[in-house]
Amino acid sequence: MLAIRNIAELLVVPPGPVQGSSMRTLERICDAALLVDGERIAWFGSESSLVTPPECECLDAGRGCVLPGLIDCHTHAVFASTREGEFVQRLEGKSYAEIAEAGGGIRNSVEAVRASTCQQLVDHTLPRLERMLRGGVTTVEIKSGYGLSVEAELKMLQAVKELKALQPLELVGTYLAAHTTPREFADRPDAYLDTVLDDTVLARIRDEGLAEFCDVFCERTAFDIEQSRRVMSAAARFGMAPKLHADQIRQMGATRLAGEVGAISADHLETVDEGGIAALKAAGTVAVLLPGCSFFLGVGQAPARRIIDADLPVAVATDYNPGSSMVESLPLVMSIACTQMKMTPAEVVVAATANAAAALGRQDRLGAIEVGMQADLLVLDVPSHERWLYEVGRNCVRTVLKAGKVVGNAQI
Ligand SMILES: [Zn+2]
């Protein structure tokens, strides 16, 4: 047993998905304590009612805030080269879509991934995950999508699988071969999809446990509605639940498609319309917002308030990638969600814990403070979650626990 004592604020995040208005009414226990038994939360409450079991270890929270470990439910964290040249081009006036149409963008990352070995991809990614852990992230979803050939896509997913054994974060693989059409299939997107959706490829992903989800970039520069539907239905036959990059740049009905196919999440939503919001609501799809991406690109944010007011469960993630969101800090992105999308700190914490768990189908085990939940926990060096997100960009995480074990500690 482990007792976490001397907690100024224990944020009792309920299991996801937490809908709309419920996101902002979080219970908090002041002067709290929490007991961990093995990998799970065994008890929590006010410190005065704590009965310390015999032979119990003690962790002093130092009057800090305790809350569930963060879950980054949308990243492209496996990549082999950075793209600061495009960053400068955009600052000089080119749009993300213009750069993509001129052969840059995702295709730049593809060249570098294809030229890398699986081991090199692992080596590039490991320090990123170590930094994410120090910022309070305990679970990360990682997409393929910079290989754009069967071999290179599988290499990316294999790198994610190998990284699972090398560090404490829980990693979730997503097959995003439908990120864009590679050069060799220019103007023949359907022929490209024939290769990456071949039954033998999808069966291998399933049999080797390489991906739980399948994602599509449904956008003018990538795949249209019909092609996106085809990708999701092919992957679903092999047990991969659908996700969608939807309504990022141009409104083309992608969010409605996400609702139609019952996607587990629809991600981006910068240009979502009322029909799209209604479709997600009807399907119980989690709306994953990526405020770090709009911040990085200097474009408008998704309408978080409208989506929350429609009573949808909203998650927030980094979209960490070298092109459109070179932002690996989820706490920074959470502060951006506050200042740029006008989400409250409580809403943002729920969005990056319980609702992010729901976007990854892990709400029964992760992202909440409840007896029996996995003890993925953060101890902050500040007394409240408001103070944490108010201190924009400073790492306020003192201690990280993953499944009941201390895996990151600022004091060590
Ligand atoms: Zn993305």
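Values in this text are rule-based calculations from the coordinates and carry no lab data. As the structure is a computational prediction, the values presented were derived from the model and not from experiment. Positions of Cβ are generated from backbone atoms using ideal geometry, with glycine treated the same way; all protein chains shown enter the neighbour counts.
With K and R counted +1 and D and E -1, the other residues having a Cβ less than 12 Å from that of A317 yield a net charge of -3. Placing +1 on the Cβ of every Lys and Arg and -1 on the Cβ of every Asp and Glu, with no other charges, gives region 1-119 a dipole of roughly 320 debye about its Cα centre. Of all lysines in the structure, the ones whose alpha carbon falls short of 21 Å from that of K402, not counting any fewer than 8 places away in one chain, are K161, K164.
Any idea what the alpha-carbon Rg over 2.2 N^0.38 Å comes to for the chain? Numbers along the way, then the final one.
Numbers: Rg = 20.7 Å, N = 412, 2.2 N^0.38 = 21.7 Å.
The chain yields a ratio of 0.95.
If you look at the Cα atoms of region 108-231, you get an Rg and a Dmax of 14.7, 43 Å. Counted by Cβ distance under 12 Å from H74, the other residues give a net charge of -3, where Lys and Arg count +1 and Asp and Glu count -1. Stretched out straight at 0.36 nm per residue, the stretch from E27 to A165 would grow longer than its current Cα-Cα span by 46.1 nm.
As I understand it, the dipole of the chain uses +1 on the Cβ of Lys and Arg and -1 on the Cβ of Asp and Glu, about the Cα centre. Which of P168, A266, L26 lies farthest toward its positive end? Towards the positive end, the residue furthest out is L26. Put simply, the amide H of S265, placed in the peptide plane, has neighbours under 5 Å in L244, V286, leaving out anything fewer than 5 places away on its chain.
DSSP beta bridges confined to the chain are antiparallel in about 45 percent of cases. Sorted on the mean count of surrounding Cβ atoms within 10 Å across their residues, most packed first, peptides 211-221, 52-62, 24-34 read 211-221, 24-34, 52-62. In percent, rounded to a whole number, the relative contact order of region 71-359 is 17, using alpha-carbon pairs under 8 Å and six or more apart. Using Cβ point charges alone (K and R +1, D and E -1), the dipole size of the chain about the Cα centre works out to roughly 300 debye.
The relative contact order of region 185-235 comes to 35 percent, based on Cα pairs under 8 Å that sit 6 or more residues apart. Here K281 is the anchor, and the lysines within straight C-alpha reach of less than 23 Å, apart from those fewer than 8 places off in the same chain, are K243, K342. Distance between the modelled labels on D311 and D364, one decimal in nanometres: 2.6 nm (7 Å Cα→Cβ projection).
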